[in-house]
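What follows is a set of notes on a single structure, which appears directly below.
Here, each number is a calculation from the coordinates, and none is a lab measurement. This structure is a prediction, so every number in the text was calculated from the model and none was measured. In this analysis, Cβ positions are derived from the backbone assuming ideal geometry, glycine residues included, and neighbour counts consider all displayed protein chains.
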Amino acid sequence: MEFAELIKTPRVDGVVLRRPFMPTVEGTLCLTGHHLILSSRQDNTEELWLLHANIDSTEKRFVGSLGTIIVKCKDLRVIQLDIPGMEECLNIASSIEALSTLDSVSLMYPFFYRPLFEVIEDGWQSFVPEESFKDLESMTDEWRLSEVNKDFSVCPSYPSLLTVPRDIDDESLCKAASFRHGGRFPVLSYYHKKNGMVIMRAAQPLTGTNGRRCKEDEKLINATLCAGKRGYIIDTRTIAVAQQAKARGGGFEQEANYPQWRRIHKAIERSNVLQDSLIKLVEACNDQSHSMDRWLSKLEASNWQSNVKEILTTACLAAQCIDREGASVLVHGTEGTDSTLQVTSLAQIILDPACRTIRGFEVLIEREWLQAGHPFQQRCAQSAYSNGKLRSEAPVFLLFLDCVWQILRQFPCSFQFNENLLIMLFEHAYASQFGTFLGNCVAERGKLQLSQKTVSLWSWVNRPQELERFLNPLYEPNNLVIWPSVAPQSLLLWEGVFLRWNRSTKCLDEAYQEMVHIIEYNKELQNKVNSLRRQLAQLETEDSPLQTP
Amino acid sequence: MEHIRMPKVEHVRLVDRSSSRRTQVGTLYLTATHTIFVGKGSEDRNDLWVLHSLVCNVVKHKASQSGYPLLIICKNFQVIRFIIPQESDCHDVYISLSRLSRPEKYEELYCFSFNPNVDKAEREHSWDFLDLKAEYSRMGLPNKLWHVNPINREYRVCDTYPADLFVPKSVTLPVIVGSSKFRSRGRFPTLSYYCKENHATICRSSQPLSGFSARCLEDEQMLQAIMKSNPGSRFMYVVDTRPKLNAMANRAAGKGYENEDNYCNIKFQFIGIENIHVMRNSQQKLIEVSALHSPSMGEFLTGLENSDWLRHIKSIMEAGLFISKAVAEEGVSVLVHCSDGWDRTAQVCSVASVLLDPYYRTLKGLMVLIEKDWVSFGHMFSHRCGHLIGEAKEVSPVIDQFLECVWQLMEQFPCAFEYNEKFLISIHIHIYSCHYGNFICNSQKERKDLCIKEKAHSVWLHLWEKKLDFMNPLFKPDQSQNQGLLRPSTAPYCFKYWRRLYNRFDRELHPRQSELDCLMTVKEETQKLEEELALYEQVKCQIFNFHLHKVFLFNFSDHVFSAYTSLANTPQDYIGGAPNVFTLQQGERESAELCLFGDQTKSSDADNSDQESGVADFSSHSSGEESLPSEDSVKDPDSDETGPNRA
């Protein structure tokens, strides 16, 4: 295997592992092609298995011949390894460095991972576009499934099957695609059963400085409006940013050409700004100074919570247009692969109770993120400790998860899943044994043959044994639209992710266990009472002749 | 009554700031004790009752198109906005309320006119509900080293201290008198908390009158005696909770702090909690931040930081933690003081007690603690809470900070407290509302002189009777980490903004479903199931007996069967397995005609949106009479409604 040459020292004894809030472990450090392993070889101590892909950055320090490597992970944990011997330490450090920055996707762990569990339901086959189209068909006949992109030539980042208005033919779609950034012409994202309104998403129109227009594009989105109705275009960028985009060939829909649409600009940040925000936030959370002023000012300066607020507000606006105003919505930003998806997917969580179940949430992520072409590979290449030059990393998906968490906090009984599912998705988006988040779009995943060569995350998550961990004991299906508060007083820091490694969670875990216990005990009593009632009813019928002598 | 210029104004509008659609029109009444607003045309639950003693300020705003705005700002952080059509009416209401909300004499306070339907015996019983003697004996006092010294029975040595005080047995009267003369206001060192397990104590006093060089033999003997009353330790801590600079400045006025050289075996420590004026300004800033209308995240966080509030809470918590660790981990006694020993000292002693002793994490324990460390030891409630018109500079949210420290601890230790957040908020309201007699006056002596116990009622029994509302369903007293010392983290990010207190009346800011309420309902139902189960088991058992012995017990079986058939006839309560406890009531929705095509800034800012659900719920009165629905506003404004919120 080609990893052997990268591993200069495969094994070092007498290594000490230090982690906050956990006992130090002394043991043997082993490097394999994909893992850093530390084991004390004693039965009762936990072994550390760290995916190289999870390592965001490393630092070396030396005191005499004792070397220390600080390993900072993409899941935000920071661990310290004390390694005796300067040479060993240097070797280990450079090996980790090399192994954690492999360029080739096909060398990633998912291609080597063999599950220790039996795959009962193959996650690669769990979410088929035809299936969801069947649901749509049962509600309306206004839409059709188009194969115009079956060889990914019309839009490389779209899937092969797309839901489009019935009356728009493939030729028009191709023309509309040529008028949209990256070929991302408007497609259906969500159909609101209650009133038949829809959310569509796209990329920015290529109007450029001379105000190009495209009749097919106009016709395409107008086809989604009922007679006499108006719709809303939510541009996730500020008007200033959208204006600037014209110079680079992009732009926004001109009122004159889209008279039936009203455009609203919001201010969701671009990806590089978001990455900077994450880096600053995590730095604030790791600050050891113990000063209140410093903490609050750093939290504020990171702008993370502002980003959460802005994204959530925009999603609420989209949901509001649909549910309250009874108007359809088209959402886009620049490329239509980041802020656009945040908005369309969050709006669905607000509007659609199905998205608040585990299955429905998986469908949502599959459809609105994976199939819709959010470039996971690029966005999640580095996390908060990335100190090198950034390319297109950005915590777009993490922000989405944070927003979902905020809604979950405000409606703790309306979600079938709990916080653990969100944290798990965050971890796996950045480093995983599963192939689900590899690649940037459907076309790339096909080329990589992920469904043949790797295991799907969903195959694992949907096993009953695993699902249990993600179930919200308070869940009670709620068919209403849920409107979260987006006031700063209502939005909290997601401690489960950002303070996860900086505090002891013993008391909080205990509280969670107690909550589970209270509810399980209640259910147990219900069952007992019900079965006793049946028994007694039976006895009563048996006895009744005796009782009425 | 003579202060009411205008008992009734009609066509007044009650404005809900978060949604213009929730504005109500109705009639405003002024009574001797309350401002009452009765909404017109709408059904029940729309009345608003505001106790005059809970009003902090009345403000007239510039006239608007629709009339003359009048703001009533309450001490429980509620702000009520009326618009009154006529200027003269507005002015009359303003003048009346300004006077009514600023009582000049204790006799004007509501607790003296509050007359629930109970007899004298019951009233006395309410005062007997808490017994400090019993509390000291729970701690293990008196014992062979500590006893109650009768020296202050007539409040002659120290008029701000309680009559009964624990001091070391070895201390003679002249030592006490001498020590008291060397301390501000005569507040000599006396016991606040005794730790049975290791005999360490928390004692409290005021600052010594040491100036630059004065010393007092008796005071030194006093400290020596306290130290020696903890046989296991070789020294004691003296904690001055003030910033060092403040303490040094006091020396120039003949006051100051202990000189380590003069006292044997003391370790002296400054803690650095700011004074009442700093705290008052800090809370004022915090209230301004909490009241911002749709602030940006940056405005909110910057405002929170600039208020310094959480920094102060953190410093109080750290002081409490230092003392509780000294007692529990080192087994060393601690003497705590600040300047007068009734503000910071009370905060720090009581926070340390909550950390040390699980008893104070129970409902009754917290009541006792407040009664002991605050009420009996002369925290100046009337001055600090501004019960009477007087020095504005004496007002300070010292007890608010203690309650907030407890809340912050509850956030970190969700299973360690028997009570929930609503209990703290209820206590907060009662401290300010003057509804009951407990928090009137500035000392035990004043309360005795005023015959509070004869003329007013005690709140503690009242709260105890409502304890089902205040229970924390997650409380696990037996868990090892809930026993003994709590060790909270004091990292800055562990201190949070207490939304439920400061934004309690902004319903749209709170989670629309409450975990707490859900769990409480489930627990209640579990209890009913347990009872039903027991009954069924009994019935089953009897039927079996009947089968086995073939004995026909007519009377008995009739009774038993009627019991069980009557239950079996109501299957809708239980059938279907899962309890139907979280079912949401769809909030009443208003017709949603968003002016999206009109004002763009409005429509594009969902924060500003008009899409609110439900009619304003004013069932949460700002304290009312016993017969009124949900008096004292403990009712959780969210518990009864879910549905669309501000989008």
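Look at the stretch A:319-327: the mean tally of other chain Cβ atoms within 10 Å of its residues' Cβ atoms is 5. Cβ crowding within 10 Å ranks B:Asp89, B:Asp400 as B:Asp89, B:Asp400, fewest other Cβ atoms first. Neighbours of B:Gly386, meaning other residues whose beta-carbon lies under 11 angstrom from its beta-carbon, give a summed charge of +3 when Lys and Arg score +1 and Asp and Glu score -1.
Let me know the shape class of the range A:389-486, please: from the alpha-carbon gyration tensor, a ≥ b ≥ c as square roots of the eigenvalues, rounded when a/c is under 1.5, otherwise prolate if a/b is greater than b/c, or oblate. It is oblate, given that a/c is not under 1.5 and a/b is not larger than b/c. Under a 5 Å amide H cut-off, with hydrogens placed 1.01 Å from N, B:Thr362 pairs with B:Glu418 among residues at least 5 apart or on other chains.
Counts of other chain beta carbons within 10 angstrom of each beta carbon in peptide A:517-523 average 6.
Couplings 3J(HN,Hα) for the range A:377-387, derived from phi with the Karplus relation 6.51 cos²θ - 1.76 cosθ + 1.60 (θ = phi - 60°), are 4, 6, 5, 9, 5, 9, 10, 5, 9, 5, 10 Hz, where x marks Gly and Pro. Thinking of the range B:142-215 as a set of Cα atoms, what percent of all their pairs are more than 18 Å apart? Tail of the P(r) past 18 Å holds 38 percent of the pairs.
Taking a sphere under 11 Å around the Cβ of A:Arg500 and counting the other residues whose Cβ falls inside, with K and R at +1 and D and E at -1, yields a net charge of -2. Listed by chain and number, the lysines whose C-alpha is less than 23 Å from the C-alpha of B:Lys476, apart from same-chain residues fewer than 8 away, are A:Lys506, A:Lys523, B:Lys196, B:Lys325, B:Lys364, B:Lys422, B:Lys466, B:Lys467, B:Lys523, B:Lys528.
In terms of its C-alpha gyration tensor, the range B:318-394 has an oblate overall shape, because the principal axis ratio a/c (a ≥ b ≥ c, square roots of the eigenvalues) is not below 1.5 and a/b does not outweigh b/c.
Scaled against 2.2 N^0.38 Å for its residue count N, the alpha carbon radius of gyration of the range B:368-407 is 1.21.
The calculated Kirkwood hydrodynamic radius for the protein assembly as shown is 34.1 Å, given to one decimal from all distinct C-alpha pairs.
How would you classify the range A:1-97 from its alpha-carbon gyration tensor, with a ≥ b ≥ c the square roots of the eigenvalues: rounded for a/c under 1.5, else prolate if a/b is greater than b/c, otherwise oblate? It comes out rounded by the Cα gyration axes. Rounded to the nearest Hz, the phi-derived 3J(HN,Hα) couplings of the range B:486-491 under the Karplus curve 6.51 cos²θ - 1.76 cosθ + 1.60 (θ = phi - 60°) are 8, 10, x, 7, 10, 4, where x marks glycine and proline.
As a test, work out the antiparallel percent of DSSP beta bridges whose residues both lie in the protein assembly as shown, rounded to the nearest 5. For the protein assembly as shown, the DSSP antiparallel bridge percentage is about 75.
Listed cross-link partners A:Lys266/B:Lys496; A:Lys134/A:Lys266; B:Lys75/B:Lys445; B:Lys267/B:Lys448; B:Lys105/B:Lys372 are compared with a 31 Å cut-off, the Cα-Cα value being larger for A:Lys134/A:Lys266; B:Lys267/B:Lys448. Per-residue ellipticity at 222 nm computed for chain A from its helices equals -12000 deg cm²/dmol, with DSSP H segments shorter than 4 residues left out and the rest contributing -39,500 (n - 2.57). Here's how it looks for A:Ser189: its modeled amide H is under 5 Å from those of A:Ile199, A:Met200, A:Arg201, which are all 5 or more places away or on a different chain. Provide Rg over Rh for the range B:223-337; use the alpha carbon set for both Rg and the Kirkwood Rh (inverse mean inverse pair distance). Rounded to two decimals, Rg over Rh is 1.13. Report note on the peptides A:377-384, B:242-249: ranked by the mean count of other C-beta atoms within 10 Å, highest first, their order is A:377-384, B:242-249. Spacing of the modelled spin labels on B:Glu465 and A:Asp122, each 7 Å from Cα toward Cβ, amounts to 7.0 nm. Close amide H pairs (under 5 Å, H built 1.01 Å from N) link B:His34 with B:His52, residues at least 5 positions away or on another chain. The share of Cα pairs per 20 Å bin across chain A, counted from zero up to the longest distance, runs 19, 50, 25, 6, 1 percent.
Each peptide in A:33-39, A:256-262 receives the mean, over its residues, of other Cβ atoms within 10 Å, and ordering these scores from highest gives A:33-39, A:256-262.
Tell me the net charge near A:Asn91. Cut-off is 13 Å between Cβ atoms, A:Asn91 excluded, with +1 for each Lys or Arg and -1 for each Asp or Glu. Combined, the nearby Lys, Arg, Asp and Glu give -1. Which of the lysines could a cross-linker bridge to A:Lys389, judged by Cα under 27 Å and excluding same-chain residues fewer than eight apart? List returned: A:Lys8, A:Lys60, A:Lys72, A:Lys74, A:Lys280, A:Lys298.
Backbone phi angles across the range A:437-449, fed through the Karplus curve with coefficients 6.51, -1.76 and 1.60 (θ = phi - 60°), yield HN-Hα couplings of 9, 7, x, 10, 6, 4, 4, 5, 5, x, 4, 6, 6 Hz in residue order; Gly and Pro are listed as x. Averaged over peptide A:471-477, the number of partner chain Cβ atoms lying within 10 Å of each residue's Cβ comes to 3.
Mean sequence separation of contacting Cα pairs (under 8 Å, at least six apart), scaled by the length of chain A, corresponds to a relative contact order of 15 percent.
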